[in-house]
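**Student:** Could you have a look at this structure, given as structure tokens, before my questions?
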Amino acid sequence: GLKAFAEKNAKIGTILAITSIALTSFFGMPFLHTMAIGLIAMLLPAASFGFYNYYCFDAKRRKMEELLPDLLFSASLFPKGTSLVGTIKYFSKSRYRFLSGEFAKCLNEIKKGASAELALLNFRKRSRSKTISRALDMLVEGIKSGSDASSAFKETAEDMLETNTIFRERQASLIIEKYTLLI
């Protein structure tokens, strides 16, 4: 949580600040420079851990978005009338790395008494991804309606694969353009 994050970074930052103030004072730096270096040393752990956590969260989100088309292809294979809880149970035990972990969390919430829709809504909030949100909404509506949603899942998965391919091509062309400009 935020409190533990702040306490941990305050301890490390304080140690770094005291050490840097002692070292700069030992080498005879002016008082204002010593205090500025101490302040920077105190804020450095919070900034670096914050950026690191953001990077890890973003990498996890991107991996989940890459695995989403495979998940939708799997959902398209379920027979008509499959329950939402059964689908979540299958996905929690499958090999979709981060997605399976999130579906396992949903399954635990359901076992504790939450509805399947509420568990998937919590998954949407945790993911903070529009792509994942749309796929989960489609999954819930397709299974809740009881209709044969397999074709919709399949078409959405194909559309996501095409979109991912276009995005990667655009990224590659931008990288080539950037390096060409640098050279």
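**Student:** Among the residues of segment 156-170, are any within 19 Å of the chain's Cα centre (by Cα), crowded, with 17+ Cβ neighbours inside 10 Å and among the β-branched types (Val, Ile, Thr)?
**Tutor:** No; the residues of segment 156-170 include none that is within 19 Å of the chain's Cα centre (by Cα), crowded, with 17+ Cβ neighbours inside 10 Å and among the β-branched types (Val, Ile, Thr).
**Student:** In this structure, does ALA119 turn out to be at pLDDT 80 or above and surrounded by 11 or more Cβ atoms within 10 Å (Cβ to Cβ)?
**Tutor:** So ALA119 fits the description; yes.
**Student:** Another question about this same structure. Please pick out the residue among LYS93, LYS11, LYS105 that is within 30 Å of GLU141 (Cβ to Cβ) and out of contact with any Ser or Thr (no Cβ under 8 Å at 6 or more places or on another chain).
**Tutor:** Just a single option satisfies the conditions, and that option is LYS105.
**Student:** Same structure, new question: Might you let me know whether segment 126-142 holds any residue that is open to solvent by less than 70 Å² (accessible area, probe 1.4 Å), closer than 18 Å to PRO79 by Cβ and hydroxyl-bearing (Ser, Thr, Tyr)?
**Tutor:** No: zero hits.
**Student:** Let me ask something else. When you scan segment 44-59, do you find a residue that is under 20 Å from LEU121 (Cα atoms) and out of contact with any Gly (no Cβ under 7 Å at 6 or more places or on another chain), even just one?
**Tutor:** Yes, that holds for at least one residue.
**Student:** Restricting attention to segment 42-73, and to residues there that are touching a Ser or Thr at 6+ places or on another chain (Cβ under 7 Å) and within 26 Å of ILE166 (Cβ to Cβ), which single residue is surrounded by the fewest Cβ atoms within 10 Å (Cβ to Cβ)?
**Tutor:** Applying the filter and picking the extreme gives ARG61.
**Student:** Go through segment 132-149 and report how many residues are of a type in the set (Ser, Thr, Tyr) and either modelled with pLDDT of 85 or more or not in a helix (DSSP H, G or I) (or both).
**Tutor:** Number satisfying all stated conditions: 2.
**Student:** Oh, and also: Checking ILE110 against (1) closer than 30 Å to PHE167 by Cα; (2) open to solvent by 20 Å² or more (accessible area, probe 1.4 Å), only one condition comes out false. Which one?
**Tutor:** All conditions pass for ILE110, except number (1).
**Student:** Farther than 24 Å from PHE103 by Cβ, in a helix (DSSP H, G or I) and open to solvent by less than 50 Å² (accessible area, probe 1.4 Å): does that describe ALA17?
**Tutor:** It is true that ALA17 is farther than 24 Å from PHE103 by Cβ, in a helix (DSSP H, G or I) and open to solvent by less than 50 Å² (accessible area, probe 1.4 Å).
**Student:** Can I ask one more? Would a scan of segment 82-90 turn up a residue that is over 19 Å from ASN164 (Cβ atoms) and small (Gly, Ala, Ser)?
**Tutor:** Looking for residues that are over 19 Å from ASN164 (Cβ atoms) and small (Gly, Ala, Ser), one finds at least one in segment 82-90, hence yes.
**Student:** Continuing with the same structure: I need every pair where a residue in segment 110-130 that is in a helix (DSSP H, G or I) has its Cβ under 8 Å from the Cβ of a residue that is open to solvent by less than 30 Å² (accessible area, probe 1.4 Å) and of a type in the set (Asp, Glu), sequence separation at least 6 or different chains.
**Tutor:** PHE123/GLU102; ARG126/GLU102; SER127/GLU102
**Student:** Could you count how many residues in segment 20-41 are open to solvent by 90 Å² or more (accessible area, probe 1.4 Å) and not hydrophobic (A, V, I, L, M, F, W, C)?
**Tutor:** Selection size over segment 20-41: 1.
**Student:** Then there is this: Do we find a residue being touching an Asp or Glu at 6+ places or on another chain (Cβ under 7 Å) and in a helix (DSSP H, G or I) anywhere in segment 150-162?
**Tutor:** Looking through segment 150-162, none of the residues is touching an Asp or Glu at 6+ places or on another chain (Cβ under 7 Å) and in a helix (DSSP H, G or I).
**Student:** Taking the residues in segment 93-106 that are part of a helix (DSSP H, G or I) and open to solvent by 20 Å² or more (accessible area, probe 1.4 Å) as candidates, determine which candidate is farthest from LYS60 (Cα to Cα).
**Tutor:** Checked segment 93-106; the qualifying residue farthest from LYS60 (Cα to Cα) is LYS93.
The values are calculated or read from the model by the stated rules, or taken from the named source; none is laboratory data. Please read all numbers here as calculations on a predicted model, not as lab measurements. Methodologically, a virtual Cβ is constructed for each residue, glycine included, from the backbone with ideal geometry; neighbour enumeration extends over all protein chains shown. With ligands, DNA and RNA removed, areas are computed over all heavy atoms of the protein, side chains included. Shrake-Rupley method; radii C 1.70, N 1.55, O 1.52, S 1.80 Å.
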